[in-house]
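Structure record follows, encoded as structure tokens.
The values are calculated or read from the model by the stated rules, or taken from the named source; none is laboratory data. Just so it is clear, the model here is predicted, and its values are computed rather than measured. Here Cβ is always computed from backbone atoms with ideal geometry, including for glycine, and neighbour counts include all displayed protein chains.
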């Protein structure tokens, strides 16, 4: 029997007009402190974005998401957060904020295969 790992995940959302509080799910962040695992899977759908806000700047949001992905991977040289361990980066990425890029509250679970779990969560909440 494979060992199951405790993990946390959060849904990444784009909120093009923060004051309207409408959002689209664009990704999933998954963290397992014990395995020092932090990974995200993201897909920004331009048609969904423009359905909420026809004037939304797809290019700027794509840049924000790329920066988030690099922090998640620990590879953003411009951010000191990237130097932190995976659990600390996850906490920073999921901190409440009023911006166009937000996350849900973290949720937990158990998984024997973190990569497959990330894929399953992405297919359930984003696709």
Region 107-120 residues that are assigned to a strand (DSSP E or B), paired with ones that are surrounded by 14 or more Cβ atoms within 10 Å (Cβ to Cβ) (beta carbon under 6 Å, 6 or more apart): 107/9; 108/8; 109/7; 111/5; 111/7; 111/117
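Conditions tested, residue by residue: (1) in a helix (DSSP H, G or I); (2) at pLDDT below 95.
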position: 38; (1), (2): no, no
position: 44; (1), (2): no, no
position: 64; (1), (2): yes, yes
position: 67; (1), (2): yes, yes
position: 77; (1), (2): no, yes
position: 87; (1), (2): yes, no
position: 92; (1), (2): yes, no
Cβ-Cβ under 8 Å pairs, at least 6 apart or on other chains, region 51-68 side within 14 Å of residue 102 (Cβ to Cβ), far side part of a loop (DSSP other than H, G, I, E, B) and at pLDDT below 95: 52/16; 52/17; 52/22; 61/16; 61/100; 64/100
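Taking the condition closer than 21 Å to residue 6 by Cβ and loosely packed, with under 15 Cβ neighbours inside 10 Å, does residue 63 pass? Steps first, answer last, please.
Values: closer than 21 Å to residue 6 by Cβ: no; loosely packed, with under 15 Cβ neighbours inside 10 Å: yes.
No, not satisfied.
May I ask you to verify whether residue 19 is over 19 Å from residue 123 (Cβ atoms), surrounded by fewer than 16 Cβ atoms within 10 Å (Cβ to Cβ) and modelled with pLDDT of 95 or more?
Numbers: over 19 Å from residue 123 (Cβ atoms): yes; surrounded by fewer than 16 Cβ atoms within 10 Å (Cβ to Cβ): yes; modelled with pLDDT of 95 or more: no.
No: the conditions fail for residue 19.
What number of residues in region 11-44 are in contact with a strand residue (DSSP E or B) (Cβ under 9 Å, 6 or more places away or on another chain) and under 22 Å from residue 62 (Cβ atoms)?
Filtering region 11-44 for residues in contact with a strand residue (DSSP E or B) (Cβ under 9 Å, 6 or more places away or on another chain) gives 11-16, 18, 23-35, 37-44.
In the following step, the residues that additionally are under 22 Å from residue 62 (Cβ atoms) were identified as 11-16, 18, 23-30, 38-44.
Total satisfying the criteria: 22.
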